[in-house]
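Contents: one structure, followed by commentary.
The values are calculated or read from the model by the stated rules, or taken from the named source; none is laboratory data. Since the structure is predicted, the reported quantities are computational estimates derived from the model, not experimental observations. Backbone-built Cβ (ideal geometry, glycine too); neighbour counts: all protein chains shown. These accessible areas exclude ligands, DNA and RNA; they are computed on the full protein's heavy atoms, side chains included. Shrake-Rupley method; radii C 1.70, N 1.55, O 1.52, S 1.80 Å.
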Amino acid sequence: MKTKASLAVGLAALTLASCGGSSDQQQVRNTFNKVVHELAARNPDACNLFTKRYALENTGLSNYHAALARCRSHTTRHSLSLPKGLRVDAVKISGNKATLRASAPGQGTGTFHFVKESGQWKIDSVTAR
C-alpha cells in the first residue's frame, strides 16, 4: 500500500466508538475500528475490509488477487503507530455510501469513504489533511 494511505489509516487507528447496534452508522464505525485495530495488530484480515478498487489503487497493481496479497504482506511487515486522542468526528450515510471523519490532536484529520458491498461496509478511499 502507498505510504499516504498507510499514514491516513494510521491516523485513524485508535478510534474508539465501537459498541453494539446495527444501524448503518454503527456498522461503519465498527468496520473502521476493526480495520484500524487489525492493522495495528499486523493482522492481514484487515485487507478484506478494503474494496477491490481501493486495493488496486493503493498497490498500483492491476490484478486484485496480487493486490490483496501485497496488502496482506505489507500489513504483516509494518507496524502502525496509533495517535493518542484519536476520535471519530462524524459519520454520514447516503444509501450504500458513507463517510467517516476521524481526527487526533496535532495529527490532522482523515476522511474514510465506505461502500456497502453484499451487506458489508468496506473502505473505498481515504483522504488525509
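Computed quantities for the displayed model
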read-out: Residue in the stretch 116-126 that is open to solvent by 20 Å² or more (accessible area, probe 1.4 Å), free of Cβ contacts under 8 Å to residues at least 40 places away in the same chain and outside any loop (DSSP other than H, G, I, E, B) present; value: no
read-out: Looking only at the stretch 91-108, and only at residues there that are surrounded by fewer than 16 Cβ atoms within 10 Å (Cβ to Cβ) and at pLDDT below 95, the one that is nearest to the chain's Cα centre (by Cα); value: Gly108
read-out: Single match in Thr3, Thr31, Thr76 (criterion: of a type in the set (S, T, N, Q), under 16 Å from Gly110 (Cα atoms) and either exposed (fewer than 13 other Cβ atoms within 10 Å of the Cβ) or at pLDDT below 80 (or both)); value: Thr3
read-out: Pairs, first farther than 19 Å from Val36 by Cα in the stretch 62-82, second open to solvent by 60 Å² or more (accessible area, probe 1.4 Å), C-beta under 7 Å, six or more apart; value: Tyr64/Lys52
read-out: Where Pro83 falls short, out of the listed (1) of a type outside the set (A, V, I, L, M); (2) open to solvent by 50 Å² or more (accessible area, probe 1.4 Å); (3) not in a helix (DSSP H, G or I); value: (2)
